[in-house]
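Taking it in order: structure first as structure tokens, then the write-up.
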Amino acid sequence: MKANNIKYSILLVEDDPNLSLVIQDYLEMLEYKTTVCKDGLEGLNEFKKGKYDLVILDVMMPKKDGFSVAEDIRKFDEQTPIIFLTAKSLKEDRIKGFHMGCDDYITKPFSTEELSLRIKAILKRCMTNGGIFSDNGQKIFEIGRYNFDYENMVLTSGKNEFTLTRKEAALLRLLCLYKNKLLTRETALKSIWGNDDYFIGRSMDVFITKLRKYLKDDPSISITNVHGSGFKLETTEA
């Protein structure tokens, strides 16, 4: 975590001037350094220029909507946490947001206290060793013929090397720590995402599928679903 005397920097992209002013004033009262952009294109350009600890994106914006901005950010930055603000509460929109790599999703209207609590939870989770476990535990794992360097988020096997996203690395580390044992969905969701919301659970299933693809070249490795309970990373090597 950052030292107490260093402010976190937040990029707020919101086209409603009244709402953006209220949020900005509140965040600055909480001593977050806050930059405001009025549309998606301006927000994306500002993100590329600056260095931010958190991005808050409205979904419905002129020039470039929040989903498109998040998608473009994730092409070159997998680490910076993103919160979506939206007036929509449709299940499909929430799932789409999590699939695009957002860390949370807040439906308008919301209280400033709720926003504050979610920001604190995300920053605590994401700024501490990539979002999982702040202890000095194991960082290097052997999985069949693969070597997994959690700290650098790299998975290697022979000449093949995969650079994982923050959440992929956090999820694979959890699976390794529970190797050949049940990793419950609740444990994984609360450790990595902070809660076990249904929509976040759907997002986690996508990450499990990605991890299976990375590990597919070693038939001794499998990530199996335990129906209604969770997952097992199983290996059959001697």
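What follows draws every value from the coordinates through simple rules; no lab data is involved. Keep in mind it's a predicted model, so treat the numbers as computed, not measured. Because the Cβ atoms are built from the backbone with ideal geometry, glycine has one as well, and the counts that use them run over all protein chains shown.
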Separation between Cα centres of the range 20-60 and the range 207-224, rounded to whole Å
37
Rounded to one decimal in nm, the spacing of the 7 Å Cα→Cβ label points at Asn225 and Glu142 is 3.2
In nm, to one decimal, how far is the modelled label at Lys7 from the one at Glu114, with both set 7 Å along Cα→Cβ?
2.7
Most mobile of Arg74, Arg145, Arg118 in a GNM of the chain (Cα contacts under 10 Å):
Arg145
Counting only backbone N atoms under 11 Å from a point 7 Å out along Cα-to-Cβ of Ala87, the residues of the range 34-75 in range are 60-61
Distance between modelled label sites at Leu182 and Ala121, nm, 7 Å Cα→Cβ extension:
2.5
Restricting the count to DSSP beta bridges whose residues both fall in the chain, what percent are antiparallel, rounded to a multiple of 5?
55
Protection proxy (average C-beta count within 10 Å per residue), highest first, orders 153-161, 20-28 as 20-28, 153-161
Based on Cβ point charges of +1 for Lys and Arg and -1 for Asp and Glu, what charge dipole magnitude is obtained for the chain about its Cα centre, in debye rounded to the nearest 20?
560
